[in-house]
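Engineer: This structure is in structure tokens; I'll ask about it shortly.
The values are calculated or read from the model by the stated rules, or taken from the named source; none is laboratory data. Quick caveat, the model's predicted, so the values are computed rather than measured. Positions of Cβ are generated from backbone atoms using ideal geometry, with glycine treated the same way; all protein chains shown enter the neighbour counts. Only protein heavy atoms, including side chains, enter the accessible area calculation; ligands, DNA and RNA are left aside. Shrake-Rupley method; radii C 1.70, N 1.55, O 1.52, S 1.80 Å.
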Amino acid sequence: FDLSSFYDRVIAAIRESDPTTPVILDGDDYGSPEGIERLRPAADPNVIYAFHYYGPWKYASGQNRNRWTYPGMIPEWEGASTSKYWDAAAIAAAMEPVVRWQARHKIPNNRIWAAEFGIVRTNPGASRWLEDVVSNLEKNGWHWAQ
């Protein structure tokens, strides 16, 4: 399935009746930072490119159950036999696919949106995780919503 070609058809249909309202596009892989890298930018100046961030999932989700604390060593995915140290630098690295894609395609900061991110509020270190995520989004000049 060619998501970019599908988006081209959707945008063309929208533009038949509405030439200016922004259209928001996510990449594949549930809108992950990696998914945006496989997206071809649309030839429309009123497109906003969105991504979602809930990483690392084992920590940020309800699967945590107080097993991992941020910052700290956290498994990256279900069944991982190794862990990685997660802190502000690791969060920035996880969003690096968006940075690379944006630079490669010369997409302005105001057309990138972290449309979703979040954490279970009772996870140990959740407030620090949120501060580090928002700090990285702000550093990159991206829009965000929570």
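Engineer: What longest range of the chain stays clear of loop-exposed trypsin sites (Lys or Arg not before Pro) (DSSP non-H/G/I/E/B, at most 12 other C-beta within 10 angstrom)?
Structural biologist: 1-64
Engineer: Now, a different point. So what is the accessible area of the chain per residue, in Å², with the probe set to 1.4 Å?
Structural biologist: Each residue of the chain exposes 55 Å² on average to a 1.4 Å probe.
Engineer: Okay, next question. Any chance you could give the angle, 0 to 90 degrees and rounded to 10, that helix 3-15 forms with the longest Cα principal axis of the chain?
Structural biologist: The angle comes out near 50 degrees.
Engineer: Continuing with the same structure: Given a cut-off of under 8 Å on Cα pairs at least six residues apart, what relative contact order in percent is computed for the stretch 14-112?
Structural biologist: 25 percent
Engineer: So for the stretch 80-129, Kirkwood radius off the Cα pairs, Stokes-Einstein at 20 °C and 1.002 mPa s: how many µm² s⁻¹?
Structural biologist: The calculation lands on 161 µm²/s.
Engineer: Ignoring ligands, DNA and RNA, please state the percent of accessible area on the stretch 1-101 from carbon and sulfur, probe 1.4 Å. Write down the numbers at each step before the final one.
Structural biologist: Numbers: 3100 of 5420 Å².
On the stretch 1-101, the fraction of accessible area on carbon and sulfur atoms equals 57 percent.
Engineer: Taking the stretch 3-51, which GluC sites (Glu not before Pro) meet the DSSP loop condition and have no more than 13 other C-beta atoms within 10 Å?
Structural biologist: Qualifying residues, ordered by number: 16.
Engineer: Then there is this: Dipole magnitude of the chain about its Cα centre, charges +1 at Lys/Arg Cβ and -1 at Asp/Glu Cβ only, in debye to the nearest 20?
Structural biologist: 320 debye
Engineer: For the chain, compute Rg over Rh where Rg is the Cα radius of gyration and Rh is the Kirkwood radius from the inverse mean 1/r over Cα pairs.
Structural biologist: 1.02
Engineer: Would you kindly calculate the translational diffusion coefficient of the stretch 45-101, applying Stokes-Einstein with the Kirkwood radius from alpha carbon pairs, for 20 °C and a viscosity of 1.002 mPa s, and quote it in µm² s⁻¹ without decimals?
Structural biologist: This corresponds to a translational diffusion coefficient of 169 µm²/s.
Engineer: How high is the FRET efficiency from residue 24 to residue 122, r the C-beta distance, R0 30 Å, rounded to 0.05? Write down the numbers at each step before the final one.
Structural biologist: Numbers: r = 30 Å, r/R0 = 1.02.
That gives a FRET efficiency of 0.50.
Engineer: Report the longest stretch of the chain that contains none of the chymotrypsin sites (Phe, Trp or Tyr not before Pro) sitting in a DSSP loop with at most 14 other Cβ atoms within 10 Å.
Structural biologist: Here the longest run is 2-76.
Engineer: Excluding same-chain residues fewer than 8 positions from residue 58, which lysines have a Cα within less than 18 Å of its Cα?
Structural biologist: Straight-distance partners of residue 58: 84.
Engineer: Another question about this same structure. Using only helices, what value at 222 nm comes out for the chain when you add -39,500 (n - 2.57) per DSSP H run of length 4 or more and divide by the total residues, to the nearest 500 deg cm²/dmol?
Structural biologist: -10500 deg cm²/dmol
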